[in-house]
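The values are calculated or read from the model by the stated rules, or taken from the named source; none is laboratory data. Model, not experiment: these values are computed from the prediction. So basically every Cβ, Gly included, is an ideal-geometry build from the backbone, and we count neighbours across all protein chains shown. These area figures cover heavy atoms from the full protein model, side chains too; ligands, DNA and RNA do not enter into them. Shrake-Rupley method; radii C 1.70, N 1.55, O 1.52, S 1.80 Å.
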Amino acid sequence: MAWRFKASKYKNAAPIVPKPEACIRDICVGSYQTYGNNICASAAFMAFNWEHVGSSMAVLPLDDCGRKSKTMPLLHAHSDTITDMEFSPFHDGLLLTGSQDSLVKIWHIPPEGLKESLSTPECTLSQKQRRVENVGFHPVADGLIHVASGHELALWDLTKQKEAFVNRDHSEVIQSTSWKKDGKLLATSCKDKKVRIIDPRAATAVVDVANSHQNIKDSRIVWLGDQDRILTTGFDSARLRQIMIRDIRNLSQTQKTLELDCSTGILMPLFDPDTNMLFLAGKGDTTILYMELTDREPYLIEGLRHSGEQTKGACLVPKRALRVMEGEVNRVLQLCGSSVVPIMYQVPRKSYREYHADLYPDTSGSVTYLSAPMWLDNQDHPVPNISLHPDANNGTQPRLGPKPFSAATGNDEFSFDKVFSVPTVPGIPKSDSATSPVSGQAGTPVTSTPTAKDEEKDKSLSPTSDVEIAPNKEEYTNGKSDTSVEEEMNSSDSGYRPKTPSTAERRKMFENTDGGQSIADRRRAYESRSVSVAVESDTPPSPAPLRRRDSLKSRKSPDREDKRASVPNVTTKRTSTVFGKVSKFRHLKGTPGHKSTQVENIKNISRQISGECNGFYSNGFRCAVPLSGGGGRVGIVELPKGATSVSVAPHTHPASTRVAALLHPAPLQDWAWDPFRPERILVACDDGLVREWIIPEGGLQESTNEPLRTFSAHPDKIYLIRFHPTASDVLTTAAHDLSVKIWDLSPETPVAAITLTGHTDQIFAIDWSPCGEYLATVCKDGNIRVYKPRSSTEPIAQGPGPAGSRGARVVWALNGTHLVVTGFDKVSERQILLYKASELSAPLCSAGLDVSPAILQTHIDHDSGTLFLTGRGDSTIYCYEVTSEAPHLCPLSHHRAPTLHQGISFIHKNLVAVEKVEFARALRLTNGTIEPLSFTVPRIKSELFQDDLFPPTLVTWEPWLSGKDWLAGASVTPKIVSLQPPGMEPLSAHTAASPVSRAPAPQKPKPDLIKSHVPHDNKDKQDQIMKSMSAKMEVNMKLEQDSMEGVDETEWEQ
């Protein structure tokens, strides 16, 4: 029993919390429903989820501190919440992420950290449209990762980008995974209340199964180092938090079961196998427990607790980054709501002047002898241990190195030799250790050429292989990567044009000599290269894409040729080079309204709005804003005078802003203002009911829950609700039952006159054509459909839409002949597609913007063809001109706001200030403010009516015909009206009359273009200037005395 009285060196380890100045502060962290820890660390960096969505990450140096700006560089990783992340144990700048968007991505963090936002990964792997729950690196084999997605556990060999192992024996979602320290076995905890021990290299992968925590809530598992024991945390049947310790040799029996409390946050176990220190951080808890693990009763000995802020996530810092000369034996990074707190656990000693070797046993290093293929080939070798002594110089510094991935030629696989460089195993000949796909430190990388079958398999396993990978740091700019120069030059159809060699390149060509090559041969080689450069540079370069290349497939593949032929890239060059003249709207300007025209201090704005809803609607008189609270609340805000030409409400002080609401018993889904009756609004809720409200004159004075009428539109929740653009009392709804109904609202009980069918999945968006004859929809099944509702309930045209399944929008353009669709591509990049309405088989044009989870909401000004795009949570409104000629989408001046917005709503064209050359007006909802936003075009003669900017416009604020007539099949001539104010002279009449009043100026001779480029002597140039000046001056050669009168000749004689 003497072991009971043996004092542990770490018994009195105390948590030391730094001052606020030494923490990372003013960060934006949300609450994420994931099975991950939301933060991870290497010996050089830390990474954690950012903002309430969690699709982006902040990557900071490990020792960083201080306040952080909201505009600091971020890692825009995924289109949905990042569920798990981990740094490689062998490369401190290699980050692995998994997300709810079903993708796994690998990122390379530059050695100096993120100087600008990064959105292009080094590698992207797909998990077949299943949410990724857990990701991690193998502890021994470099280049091997595990991915838990749904019911499947997979191992990926990154050196080949292939799935090396898949296990589907789990009957429920895998909640947690953990490797044994030697990397031979893997333990998992599952939602089916079982733990499993898996040997991926065995014939039967699942070695053992046992019952675990008897609650389906979150559970975690951690392997206790090299021991044959595992530790799990979870909840029992009474919802008490539990800790279980098991020996895998008798998995069905627990060595220790400890019940703690009834808190709802899962305990995240953080275990250090070198010191047997266990840290338990509960999500939502303010306390972090410290326990020391023993191999006998009582197994868990509690140490000093840390109490502080509420925990959002936690992780351990690698031992190589500890401050060993301060007695720091472990460091926990605690992720809080607005800060990251580094908690140092220090063992008290009298002095820290010397290195205390008894506190720091040798730990695993950052260099391994195994690669992924070697481990899969049943080779085992432990990671060599290193000493943490400051003078040891054996790899305690961060291991960063160059960019990890390099793109080979189009016929080879990608080479991972710069990161997965596996040294030769001591005592084994080089021929035996050469089985690694990458060479040792002094060897040459060995690459293999995959067969066609393997290539097809790679494409099926990773459909996101079109992400480009850049090998050189110089080619990685603005967060975007491109292929290598060698690959471009080896490709005949890449559009690459070699540049003129620089002085350094010329010098290298003459200095790098072969033994048998003379100077004359080298000169001839250089001259031939210069000639080829000059010949190739005469041809115009191919237009550059807006975002990046379409694919990383072989440049000679027919698939790429077909894709290029069908989807030409949008160029960013000036429209003057395309159309022969500059677009009238190229220099449009967005100007926010004065403070007196804004509504400020709107409280409790709800952000829990479905992706199909735009979240903010206005009609020029008033706005409808979602408010948080029980059920569904729509706040009605009267616009102050000056916000629009028809708003009349007085401006209120921000402190007295009070918003009355329309109260609903069910959560909101969507709502819409009647375009012909500004006092009527219809609201669709989660219960399948549509409620009609009439806003009294003067605005809504107090909240009410009594609508004018309510009718059941669908049996389940309604996704979308839209009014017809030309007929009164016609409403369109799209719901969970995959149907689109067109309602006649004129009877006391609305009637579903038309029901459109043909959708097989959730409907993302609908839009009526300007004439009201056709209806376009975009669906989660990846298809765009066009209906002619009065003729058929089935679609008259159908075609493939955006590849992503997160969300989309659709809008008609070019007088109802084209469709603009926004959505996501297969690598979660926001995308703009332009289709011809009569041919939906392939888009005319596509353009990529960026990687963001926000769905691009669309609005188009049909008179000018200007397309406005923005997303919820963005600060930029992207503007494009849509044309029927290539390149179809011409970028204009984008409007960048100083703050993020929750929504934007454009008003009718008759409410714009034409006299101020305003062609579009919108209302922008921010965190608590509604501000008007005016889009104008700079003109010199602004006192004239700019009839070239304002053609006769369609009337959208008055009905063309009644709903009954439209449903009966009646047709009507489109209503068109001129926007010219009375008494304002049009620009065309003024410019046409002005040349008549004066004689035409003589035509100047055309300059000699050849002589104009010939250099002149300075003296000749001065003479020319003097002559030209003299020609312009009037010179009188008459002398002054010639005009004087003299005396008579007779006077001289006197």
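What the table shows:
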{"read-out": "Listed pairs Lys105/Lys312; Lys312/Lys717; Lys11/Lys350; Lys603/Lys909 exceeding 26 Å between Cα atoms", "value": "Lys312/Lys717; Lys603/Lys909"}
{"read-out": "Filtered GluC sites (Glu not before Pro), the stretch 871-956: DSSP coil and at most 12 other beta carbons within 10 Å", "value": "Glu885, Glu943"}
{"read-out": "Interchain or long-range residues, amide H under 5 Å from Phe764's placed H", "value": "Val778, Cys779, Lys780"}
{"read-out": "Solvent-accessible surface ranking, highest first, for Thr760, Thr899, Thr929, Thr233 at 1.4 angstrom", "value": "Thr760, Thr899, Thr929, Thr233"}
{"read-out": "Loop-located trypsin sites (Lys or Arg not before Pro) in the stretch 885-931 whose Cβ has at most 11 other Cβ within 10 Å (DSSP)", "value": "none"}
{"read-out": "Amide H within-cut-off set for Thr83, under 5 Å, with H built and near neighbours excluded", "value": "Gly98, Ser99, Gln100"}
{"read-out": "Probe 1.4 Å - accessible area at Trp957, Å² to nearest ten", "value": "50 Å²"}
{"read-out": "Three-way shape label, the stretch 673-830, alpha-carbon gyration tensor, a/c 1.5", "value": "prolate"}
{"read-out": "³J(HN,Hα), Karplus 6.51/-1.76/1.60, whole Hz, each residue of the stretch 674-685, x for Gly, Pro", "value": "6, x, 9, 9, x, 8, 9, 9, 10, 10, 9, 10"}
{"read-out": "Whole-Å distance, taken between Cα centres, linking the stretch 627-648 and the stretch 874-946", "value": "21 Å"}
{"read-out": "Pairwise centroid distance, computed over Cα atoms, of the stretch 248-307 with the stretch 786-814, Å", "value": "55 Å"}
{"read-out": "Karplus (6.51, -1.76, 1.60) ³J(HN,Hα), θ = phi - 60°, over the stretch 885-900, in Hz, Gly and Pro reported as x", "value": "10, 4, x, 6, 10, 10, x, 10, 6, 7, 9, 10, 8, x, 10, 6"}
{"read-out": "Vicinal HN-Hα couplings computed from phi for the stretch 588-605 (Karplus, 6.51 cos²θ - 1.76 cosθ + 1.60; Hz; Gly/Pro x)", "value": "4, 9, x, 10, x, x, 5, 4, 5, 9, 9, 10, 10, 6, 7, 9, 6, 6"}
{"read-out": "Rounded if a/c under 1.5, otherwise prolate or oblate - the stretch 291-357, Cα gyration tensor axes", "value": "oblate"}
{"read-out": "Nonlocal amide H pairs with Tyr299, under 5 Å, H built at 1.01 Å", "value": "Thr294"}
{"read-out": "Nearest-10 value in Å² for the accessible area of Lys115, using the 1.4 Å probe", "value": "150 Å²"}
{"read-out": "Heavy-atom SASA rank of Lys184, Lys256 (probe 1.4 Å, accessible area, largest first)", "value": "Lys184, Lys256"}
{"read-out": "Gyration tensor (alpha-carbon) shape descriptor, the stretch 222-284, a/c threshold 1.5", "value": "oblate"}
